[in-house]
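Inspection log for the structure reproduced underneath, given as structure tokens.
The values are calculated or read from the model by the stated rules, or taken from the named source; none is laboratory data. Quick caveat, the model's predicted, so the values are computed rather than measured. Here the Cβ is made from the backbone with ideal geometry for all residues, glycine too, and neighbour counts use every protein chain on show.
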Amino acid sequence: MTSSLANRSVTSKSNDPRMAARCLVLGAALVMTAIGATLAYAAQTQVFDPQTHKWVDYDKTKARKYYAAHKEVPEAFRPQTVKFRTAEAPGTIIIDGNKHFLYLVQSGQQAMRYGIGVGREGFGWAGIVRVGRMAEWPTWTPPAEMVARDPNAAKYAAGMPGGPDNPLGARALYLYEGDQDTIYRIHGTPEPWTIGLDVSSGCIRMRNDDITDFASRVEVGAKVIVLMQGAALYKGV
């Protein structure tokens with residue numbers, strides 16, 4: 001794999017659907033009937049290598065090695081302006097978990113595209129929500145079940161102050177359905193090599209530099225469309 005890796009796609013297969021809405025790093029379990037079903041799936045990220053003209057599997061081991069060698073994620077996962085056809089208004093956020101991309105719709109049939117990490121097997125979800133609030137260097141409070149089984153999490157039962165080691169990273173956008181916190185977030189991460197992978201429990205993670213830039217472009221109340229992982233492309237894209 002080389003630093004010129006740019007294009008990529010995801011193949012995935014669906015298993016049995018199940019309803020679950022739990023963000024491991026943030027809160028207790030919550031059933032989300034209002035914003036869509038959680039989908040159990042198994043996905044394999046692939047990155048196109050233009051030198052060999054082959055699709056290369058991009059798993060956790062290769063991602064870590066790539067980041068160690070280049071101090072950067074593959075080019076496809078870095079912020080860039082792309083052509084993007086949609087009827088959604090500028091400022092709308094569209095998350096394509098299959099391709100590990102987040103799009104911030106711009107005018108003129110364009111969008112800012114960012115690479116993301118998404119829910120691992122059993123934690124994909126879909127729905128239309130909104131940005132309820134945003135926070136800089138937010139506090140992380142582990143859920144009770146994590147505190148009970150993980151001694152490292154137990155010491156932060158009352159909350160881990162924001163900082164470079166905090167699982168939520170530099171910014172967090174809290175996703176709401178109506179006036180209800182969904183417990184899902186778009187947030188930063190101290191593990192930038194995980195971008196492009198299925199790693200979370202439903203939250204959307206971005207590199208800290210990317211979430212900082214992204215948050216500066218987003219308004220509270222912005223519409224967020226989360227596409228079902230394992231589904232077809234968003235209609236109109």
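Count of the stretch 44-86 residues, restricted to those that are among the hydrophobic types (A, V, I, L, M, F, W, C), free of Cβ contacts under 8 Å to residues at least 40 places away in the same chain and within 19 Å of Asp213 (Cα to Cα), is 1. When Asn166 is tested against (1) out of contact with any Phe, Trp or Tyr (no Cβ under 6 Å at 6 or more places or on another chain); (2) among the polar types (S, T, N, Q); (3) closer than 24 Å to Val220 by Cα, just one condition goes unmet, and that condition is (1).
Pull up the stretch 205-237, narrow it to residues that are among the hydrophobic types (A, V, I, L, M, F, W, C) and at pLDDT below 95, then point me to the one that is nearest to Pro90 (Cα to Cα). Even if it seems obvious, please write down each step before you answer.
Step one: list which residues in the stretch 205-237 are among the hydrophobic types (A, V, I, L, M, F, W, C), which gives 206, 211, 214-215, 218, 220, 222, 224-228, 231-233, 237.
Adding the requirement that they be at pLDDT below 95 leaves 226-228, 231-233, 237.
Working: Val226: 16, Leu227: 18, Met228: 22, Ala231: 24, Ala232: 23, Leu233: 19, Val237: 14 Å.
Result: Val237.
The set of residues in the stretch 141-175 that are loosely packed, with under 13 Cβ neighbours inside 10 Å and among the acidic types (Asp, Glu) comprises Asp150, Asp165. Screening the stretch 140-237 for helices (runs of 4 or more DSSP H) wholly inside it with 1 or more residues that are closer than 23 Å to Val105 by Cα returns the ranges 208-217. Val73 falls short on exactly one of the conditions (1) modelled with pLDDT under 95; (2) assigned to a strand (DSSP E or B); (3) aliphatic (A, V, I, L, M), and that condition is (2).
Taking the conditions (1) aliphatic (A, V, I, L, M); (2) more than 18 Å from Thr194 (Cα to Cα); (3) modelled with pLDDT under 90 in turn, Val82 satisfies each one other than (3).
When Thr189, Thr182, Thr139, Thr194 are checked against the criterion of being of a type in the set (S, T, N, Q) and closer than 18 Å to Lys99 by Cα, a single residue qualifies: Thr194.
What are the residues in the stretch 124-174 that are among the basic types (Lys, Arg) and closer than 28 Å to Val224 by Cα, if any? Write out each step before concluding.
Initially, the stretch 124-174 is screened for residues among the basic types (Lys, Arg), giving 130, 133, 149, 155, 171.
Once the filter is applied, which keeps residues that are among the basic types (Lys, Arg) and closer than 28 Å to Val224 by Cα, the stretch 124-174 yields Arg130, Arg133, Arg171.
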